[in-house]
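In what follows, a single structure is set out as structure tokens and then discussed.
Just so it is clear, none of the values below were taken in a lab; they were calculated from the coordinates. Because the structure is predicted, anything quoted here is derived from the model rather than measured. Glycine gets a Cβ as well: all are built from the backbone with ideal geometry, and neighbour counts include every protein chain shown.
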Ligand SMILES: [Zn+2]
């Protein structure tokens, strides 16, 4: 994949000489596009079974940072509704581990379903 970086580098060098401000605007657009592409790539990698540790490695961040940035917010295991991680919400998020170092199994229950059970 380094050929993409090399080609981009050469193109940007040329573009900057012709239109520095236009190139800056384009680079700014690319930044947000890259964030969107990264989200898609993480989703696919997760679907293919990649751990947060491996994804964090690829992004040069910790597995915790990767999880915080890209993990889907938990949904209620009963009704499928959103579950808040705020401690005063009444919602419950329980993380259990099959073994040390394993990815947590997250069981989330919203306040309404907790009250009903
Ligand atoms: Zn619920």
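Note down the relative contact order for the chain as a percent, whole number, built from C-alpha pairs under 8 angstrom at least six residues apart. RCO, the chain: 14 percent. Based on C-alpha pairs under 8 angstrom that are at least 6 apart in sequence, segment 73-117 has a relative contact order of 39 percent.
Projection of the Cα convex hull of segment 73-117, averaged over all directions and equal to a quarter of that hull's surface, yields 3.5 nm². Maximal additional length on extending the residue 93-residue 6 stretch stands at 26.8 nm, based on 0.36 nm per residue less the C-alpha distance.
Going by a ≥ b ≥ c, the root eigenvalues of the Cα gyration tensor, does segment 1-60 fall in the rounded group (a/c under 1.5), the prolate group (a/b larger than b/c) or the oblate group? The shape class here is prolate. Taking each DSSP H run with n ≥ 4 as -39500 (n - 2.57) and averaging over every residue of the chain yields -18500 deg cm²/dmol at 222 nm. Spatially, segment 51-66 and segment 92-109 are offset by 18 Å when compared through their Cα centroids.
Each label point was placed 7 Å from the Cα along the Cα-to-Cβ direction; for residue 75 and residue 47 their separation is 1.5 nm.
Largest first, the three principal axis extents of the alpha carbons in the chain are 66, 30, 21 Å in whole numbers. Compared with the dominant Cα axis of the chain, that is its longest principal axis, helix 2-18 is turned about 50°.
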